[in-house]
Amino acid sequence: MRTLPFVMLFFCLIGTTTSTQAQTSAELADLRAELAQMRADYEERITQLEQRLAVAEQKNIRQPTEPDPQTTEYRQADNTTKPVARAGNQSSNPDIGVIFQGQAWRHSGGSDDYLIPGFPLAGEAGPLPEGLSLGEIELNISGNVDDKFTAWLTVPIAVEDGEVEVELEEAWIETLALPAGLSLRVGRFFSNIGYLNDKHRHSWNFVDQPLAYQVFLGNQYLDDGAQLRWLAPTDFYLELGAEVTRGDRYPAGGAANSGFGTYTLHARSGGDIGFSHSWQAGISYLQADAQERASGSEDSPLMFTGTTRLMMAEFVWKWAPNGNNNQRNFVFQTEYLWRNEDGFYNHSEDPILAYDTDQQGWYAQAVYQPFPRWRMGVRYDQLSSSDPGQSFIGTDLMPTERNPYRYSIMADWSNSEFSRLRLQYTFDRAGMLDDNQWGLQYTFSIGAHGAHSF
Amino acid sequence: MKNMLLAALLLLTPLVARADLNIFACEPEWAALAQELGGKLVKANSATNALQDPHYIQARPSLISKVRNTDLIICSGAQLELGWLPMLLRKANNAAVMPGTPGYLEASQYVKGLDVEATFDR
């Protein structure tokens, strides 16, 4: 039985050798065919690959930046964790900016005890101090509270009579997401009345405010309160606003009516004429009840108790060829202010004097930028007053025969939107003496600098 | 009565038949792109023209009312419009296009910036 495997092996071997011999020629043919097939396959694949490469290259030309995994990730993250609303600047929260101001100023008449007969001066009103001095150092901090509220803080640091004074100029919260074109602001803010009232000092076109703003608003009216603004859903611009304030600051005073003493209203419209011209016009109204409001000298102030009503009209026209403001532009602005004060004055020694007087003030100014960085401007401002009556003869509240007026010319140079040097000359016939005022003022800004309004 | 109703309807039609989506673009390039993509469904307007420097634009009343009535803002971002767009947004009281909402698109947020300095000085 041991032979059986051998026999089987033998037959197997014979079988294979014979079949090999028989199949050799057929197999060779098969192999050749297979090779040819493989070559064809590869050639086909190569052409396919070449086609795909060509397509990919074309795509690349159309879309030069392939989606980077990092950007894609960022985009997805962005969509899920909605970024908090920030007006364009995402450098930091909060944004901090500091504005430096100072001046060298000369008077021919002297700036001490400046007063305009017939017009009470209060707040920061009056000409710049003589000599080298620091203006306000304005510290601005702002940022979004969350997606519904934004906040703003302005703290001017000033040197007054050799002492450093930190004030609180603005500290407000404003809504970002009220419906129907409404927004609400609460806190301390510059009132939205008039054109110049809510402009910060660094954006003024002259070193000082017009006389009308000085005597009727104490330079600028700011107070604690709430402001509601509504923008009409129309193609032309129409903004209506109302404010209720505490009434603690000039031209109000003493927080009358339990601290709800003062309210303002304003309406404003504007538009473009072609590409090169744009305009804005508005009217505003302020009514305040004053309780023992102090004005004049600090040692023996004039105290007013009564109602003050102020009506303001504003008009601004701006021109820039093709709207390219950076190259060449011209701005004309004018405002008219009318005030009635009805109540009584008391002075430390004098008896109570009944007072009912109408006063007006206006200014007109033009500023021209002939080429980048350089601007020049002129301004005229004037006041007038009705006669308060016999009993005021001999007091600071008796206006002179001649209406107070001033004219000013200025030229300034800005190396960038963050720096400015200004030369100004003012001829002042508003005070007791004719006064020639002139000097140099600087304004520099570091850190975040908010966008300016029209 | 029927005629009067018809007349009233005809009078009102131009007020109602407006583009589906109002787009406020900061530069003409974005307005052209949005109009091309949106076709008849959108109405894209540019705040600036090619002759202006888009970094120095006044926050004009006309632009404020355009932002008030827009559904989508498309801007370049990267602080190009920093001097005026934030003021337009603050004055326009349009909650639908505030930064962070779907109505506010800054192109620079969706591309990888080249040669961006980590710190910079003016």
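Here's the yes/no breakdown for (1) within 14 Å of chain B (Cβ to nearest Cβ); (2) more than 23 Å from the chain's Cα centre (by Cα):
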site	(1), (2)
A:Gln209	no, no
A:Ala226	no, no
A:Gly247	no, yes
A:Gly271	yes, no
A:Ser276	yes, no
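Taking the stated definitions as given, is B:Ala19 among the hydrophobic types (A, V, I, L, M, F, W, C), surrounded by fewer than 21 Cβ atoms within 10 Å (Cβ to Cβ), in a loop (DSSP other than H, G, I, E, B) and at pLDDT below 90? Yes; evaluated as a whole, the condition is true for this residue.
For every residue, the table says whether it meets (1) at the interface with chain A (Cβ under 7 Å from one of its Cβ atoms); (2) surrounded by fewer than 21 Cβ atoms within 10 Å (Cβ to Cβ); (3) more than 28 Å from A:Asn329 (Cα to Cα).
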{"position": "B:Ala50", "(1), (2), (3)": "no, yes, no"}
{"position": "B:Ile64", "(1), (2), (3)": "yes, no, no"}
{"position": "B:Leu72", "(1), (2), (3)": "no, yes, yes"}
{"position": "B:Glu81", "(1), (2), (3)": "yes, no, no"}
{"position": "B:Leu85", "(1), (2), (3)": "yes, no, no"}
{"position": "B:Ala92", "(1), (2), (3)": "yes, no, no"}
{"position": "B:Pro99", "(1), (2), (3)": "yes, no, yes"}
{"position": "B:Tyr104", "(1), (2), (3)": "no, no, yes"}
{"position": "B:Leu114", "(1), (2), (3)": "no, yes, yes"}
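Restricting segment A:426-454 to residues that are open to solvent by 70 Å² or more (accessible area, probe 1.4 Å) and in a strand (DSSP E or B) leaves a set whose member that is nearest to the other protein chains (Cβ to nearest Cβ) is A:Ile446. In the set (1) in contact (Cβ under 8 Å) with a residue 60 or more places away in the chain; (2) β-branched (Val, Ile, Thr); (3) open to solvent by 60 Å² or more (accessible area, probe 1.4 Å), A:Val378 fails one condition alone, (1). Summed over segment A:289-321, residues that are under 23 Å from the mean Cα position of the chain (by Cα) and either surrounded by fewer than 18 Cβ atoms within 10 Å (Cβ to Cβ) or within 14 Å of chain B (Cβ to nearest Cβ) (or both) total 8. Of all the residues in segment A:24-57, those that are open to solvent by less than 80 Å² (accessible area, probe 1.4 Å) and modelled with pLDDT of 80 or more number 6. It is to be established whether one or more residues within segment B:30-40 are within 9 Å of chain A (Cβ to nearest Cβ) and within 10 Å of the chain's Cα centre (by Cα). No, segment B:30-40 contains no residue that is within 9 Å of chain A (Cβ to nearest Cβ) and within 10 Å of the chain's Cα centre (by Cα).
Only one of the numbered conditions (1) in contact with a strand residue (DSSP E or B) (Cβ under 9 Å, 6 or more places away or on another chain); (2) open to solvent by 20 Å² or more (accessible area, probe 1.4 Å); (3) within 28 Å of A:Tyr237 (Cα to Cα); (4) within 14 Å of chain B (Cβ to nearest Cβ) is violated by A:Tyr285, and that is (4). Against the test of being assigned to a strand (DSSP E or B), open to solvent by less than 30 Å² (accessible area, probe 1.4 Å), closer than 21 Å to A:Pro156 by Cβ and not hydrophobic (A, V, I, L, M, F, W, C), the options A:Gln220, A:Gln227, A:Gln209, A:Gln214 yield a single qualifying residue, A:Gln227. Taken over segment B:53-62, residues that are buried (at least 22 other Cβ atoms within 10 Å of the Cβ) and free of Cβ contacts under 8 Å to residues at least 12 places away in the same chain amount to 2. Of the residues making up segment A:194-206, those that are touching a His at 6+ places or on another chain (Cβ under 7 Å) and surrounded by 22 or more Cβ atoms within 10 Å (Cβ to Cβ) number 0. The sole residue among A:Asn325, A:Asn329 that is modelled with pLDDT under 90, within 13 Å of another protein chain (Cβ to nearest Cβ) and under 23 Å from B:Glu81 (Cα atoms) is A:Asn325.
Candidates are the residues of segment B:25-60 that are part of a loop (DSSP other than H, G, I, E, B) and among the small types (Gly, Ala, Ser); the one that is farthest from A:Asp272 (Cα to Cα) is B:Ala50. Exactly one of (1) within 11 Å of chain B (Cβ to nearest Cβ); (2) over 25 Å from A:Pro156 (Cβ atoms) is unmet by A:Ala256. Its number? Unmet for A:Ala256, out of (1) within 11 Å of chain B (Cβ to nearest Cβ); (2) over 25 Å from A:Pro156 (Cβ atoms): (1). Of the residues in segment A:338-346, none is surrounded by 15 or more Cβ atoms within 10 Å (Cβ to Cβ), within 24 Å of A:Tyr363 (Cα to Cα), more than 14 Å from every other protein chain (Cβ to nearest Cβ) and of a type in the set (Ser, Thr, Tyr). Can you pull out the residues in segment A:388-399 that are in a loop (DSSP other than H, G, I, E, B), more than 19 Å from A:Ser297 (Cα to Cα) and of a type in the set (S, T, N, Q)? Residues satisfying the conditions do not exist here. Looking at segment A:178-193 only, could you name the residues that are in contact with a Phe, Trp or Tyr (Cβ under 7 Å, 6 or more places away or on another chain) and open to solvent by 10 Å² or more (accessible area, probe 1.4 Å)? Scanning segment A:178-193 gives A:Leu182, A:Arg185, A:Val186, A:Gly187, A:Arg188.
Residues in segment A:230-268 that are of a type in the set (D, E, K, R) and open to solvent by 40 Å² or more (accessible area, probe 1.4 Å): A:Asp235, A:Arg246, A:Asp248, A:Arg249.
The values are calculated or read from the model by the stated rules, or taken from the named source; none is laboratory data. Not measured: the values here are computed from a predicted model. All Cβ positions, glycine included, derive from the backbone under ideal geometry; neighbour counts span all protein chains shown. For accessibility, only protein heavy atoms count, side chains too; no ligands or nucleic acids. Shrake-Rupley method; radii C 1.70, N 1.55, O 1.52, S 1.80 Å.
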